[in-house]
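Below is one structure; the comments refer to it alone.
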Amino acid sequence: MKKDKKEILAELEIDSLAYEGLAVARKEGKVYFIKGAVPLDIVIARIHKSKKNYAEGIVKEIIEPSPNRIEPECEYFGTCGGCSWQNINYSEQLHWKAIHVKDAFERIGKFINPKLLEIIGSERPFHYRNKMEFSFGGSRWLREDEINSEDEIINKNFGLGLHLPGRFDKILDLAYCRIQQTYSDDILNSVRDKALELGLTAYNPRTRSGFLRSLIIRYSLRDDSFMVNLITWEAVSDVEKEFLQWLKQEFYSKFDKVTSLVHAVNISLNPVTIERFEILKGNQYLTERIIDVDYHISPFSFFQTNSHQLDKFISKIIETADIQSNDIVWDLYCGAGSITLPASKKCREIYGIELSKDTINDANHNKQFNNIDNAHFYADDLHRKNIPELLNTLPKPDIIILDPPRAGLHNNLINHLLQIETPKIVYVSCNPATQARDCEILSSKYELMSVQPFDMFPQTYHIETIALLKIKE
């Protein structure tokens, strides 16, 4: 490592990837975490943080590129922060995701040689997301070429895109996103162009002022249709009302695949609070299908973001559970029933529990929409200190399916699971670290039979996993 004027530089050979996407190199007893590098790269890294045993930095120069390095498809790569593995070929992405799952279960879960099944990749590594949420911002992130140019910088007080990592106040203005549908790019640019034409203001969290707040674009693979949801401050001025009128008329007529146009109002400091919303044009829902179950997706309901993988993913969960026709099943953290309702076709009765009452309302709506009568949904908090009394009133399950948030299971719920000794648990997770931690606690009474990595998020380090646990003899 040497100092070059004000910079601290290090020549490094990258040997691996850390779980959250940073590349790793080791030199002279020190570990380096380097942004933008690929395993087998030889790079010059600019070090911005150096401690005794580790350092952090970013690639300044590639001396010898890795055979697994590819050219990113997106010009925003490295700035946006959303697709941090886009410079790695897809087979290598899957390789490292599988390693991270194995490492979590061995290092955190303390399992010796866990049975890791072959990772299931995506046939569609780009243009797979069915929902993207873009923010308007009153302070646009200026690119280096803009800053260095002698030309006047335009629209620096207006941006529509994504927040810079770690910056709530800066918006990276995007013309496209390679993981959303290409049709959504046209929607994004049309809304931006009209807003600029009318001179509308974007919300500024520092001054707490501005009309436009966010734009959510949702997609139905089943119907090849879109829902566009615009979130704003109250429309007061004539020009703000003109913009809403333009959405209802010219915009809606131009984009024939938009079958639902929604306007929501948020006048709070919280960016996700919705005071009210109305359907400006079209349908109240999008309709999506998982296996043979149709789902109505309301403007703000949760739905898995990769429709192209969803049938295979849910089918693999149900296959892993090996549900029999007389089984009683609990689906804890059930959401709107994306696992519950397809699984209901296999079992005698299934009980879904989720915290959000609105989400449970969606689940019950979809249950009725599909004429399913053996699925039962309840709104309750599985993360509270006292186990919900509800769990003591339900029939004892033959199988429990768990799909908790990234933080994993609450200790009280784990203790309850150990007490009731259900024969089989299928634990679905988007965070192998917390999943491995919880499985290690459950291993006092359960044997870990298998772990199935399943890629729902190509171009990122995120991975879904399905763990099967069976009660010990």
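The values are calculated or read from the model by the stated rules, or taken from the named source; none is laboratory data. Please read all numbers here as calculations on a predicted model, not as lab measurements. Note: ideal-geometry Cβ built from the backbone for every residue, glycine included; neighbour counts use all protein chains shown. These accessible areas exclude ligands, DNA and RNA; they are computed on the full protein's heavy atoms, side chains included. Shrake-Rupley method; radii C 1.70, N 1.55, O 1.52, S 1.80 Å.
Quick notes
- Between the stretch 238-264 and the stretch 399-446, the Cα center-to-center distance that results, in Å: 46 Å
- When the alpha carbon coordinates of the stretch 342-473 are projected onto the principal axes, the ranges are 40, 37, 30 Å, largest first.
- Estimated FRET transfer efficiency when R0 is 35 angstrom, pair Cys430-Val236 (beta carbons, to 0.05): 0.30
- With each label modelled as a point 7 angstrom along the Cα→C-beta vector, the Gln368-Lys49 pair spans 5.1 nm.
- In Hz, Karplus ³J(HN,Hα) per residue of the stretch 25-42 (6.51, -1.76, 1.60; θ = phi - 60°; x = Gly, Pro): 10, 10, 8, 6, x, 10, 9, 10, 9, 10, 7, x, 9, 10, x, 5, 5, 10
- Accessible surface for the stretch 306-436, divided over its residues, is 40 Å² per residue with a 1.4 Å probe.
- Gain in span if fully extended, Glu389 to Glu56, counting 0.36 nm per residue against the direct Cα distance: 115.1 nm
- Cα shape, the stretch 289-362, gyration tensor, a/c 1.5 rule: oblate
- Counting only DSSP H runs of at least 4 residues, each contributing -39500 (n - 2.57), and dividing by the residue count of the chain, the helix-based mean residue ellipticity at 222 nm comes to -6500 deg cm²/dmol.
- Where a label projected 7 Å from the Cα of Thr79 along Cα→Cβ would reach, residues of the stretch 31-68 with amide N under 18 Å: 36, 59-60
- In straight-distance terms, cross-link reach from Lys194 covers every one of the aspartates and glutamates whose alpha-carbon lies under 17 Å from its own, apart from those fewer than eight places away in the same chain; here that gives Asp173, Asp185, Asp186, Asp238, Glu240, Glu242, Glu250.
- Between the stretch 45-118 and the stretch 181-220, the Cα center-to-center distance that results, in Å: 33 Å
- The stretch 365-445 - percent of accessible surface contributed by carbon and sulfur, probe 1.4 Å: 46 percent
- The fraction of all Cα pairs in the stretch 76-142 landing in successive 10 Å bins from 0 to the largest distance is 15, 34, 28, 18, 5, 0, given as whole percents.
- Across Lys110/Lys445; Lys316/Lys472; Lys131/Lys257, pairs whose alpha-carbon gap is larger than 19 Å: Lys316/Lys472
- Segment Lys248-Ile274, extension gain: residue separation times 0.36 nm, minus the distance between their alpha carbons: 7.3 nm
- Cα gyration tensor shape for the chain, rounded if a/c is under 1.5, else prolate or oblate: oblate
- Where labels lie 7 Å past Cα in the beta-carbon direction, separation of Arg348 and Gln324 in nm: 1.1 nm
- Protection proxy ranking, peptides 286-299, 126-139, average beta carbon neighbours within 10 Å, highest first: 126-139, 286-299
- Here the accessible area of the stretch 246-299 is 47 percent carbon and sulfur, with a 1.4 angstrom probe and all protein chains present.
- Overall, the anisotropy analysis places the stretch 1-147 in the oblate class: the square-rooted eigenvalues a ≥ b ≥ c of its C-alpha gyration tensor yield a/c not less than 1.5, with a/b not exceeding b/c.
- Here is the tail figure for the stretch 189-235: Cα pairs spaced more than 12 Å apart come to 69 percent of all pairs.
- Distance (nanometres) between label positions extended 7 Å along Cα→Cβ at Phe302 and Lys445: 2.6 nm
- Spatially proximal aspartates and glutamates relative to Lys60 (Cα-Cα < 14 Å; intrachain offsets below 8 disregarded): Asp4, Glu7, Glu11, Glu13, Asp41
- FRET efficiency, Asn412 to Arg107 (Cβ-Cβ, R0 25 Å, nearest 0.05): 0.45
- Binning all Cα-Cα separations of the stretch 276-418 at 10 Å, short to long from zero, yields these whole-percent fractions: 11, 42, 35, 11, 2, 0.
- Rolling a 1.4 Å probe over the heavy atoms of the protein chains gives the stretch 130-264 an accessible area of 46 Å² per residue.
- Listed by chain and number, the lysines whose alpha-carbon sits under 17 Å from that of Lys357, ignoring those within fewer than 8 places in the same chain, are Lys367.
- The length gained on full extension between Arg167 and Thr182, counted as 0.36 nm times the residue separation minus their Cα-Cα distance, comes to 2.7 nm.
- Carbon + sulfur, % of accessible area of the stretch 153-240 - ligands and nucleic acids excluded, 1.4 Å: 50 percent
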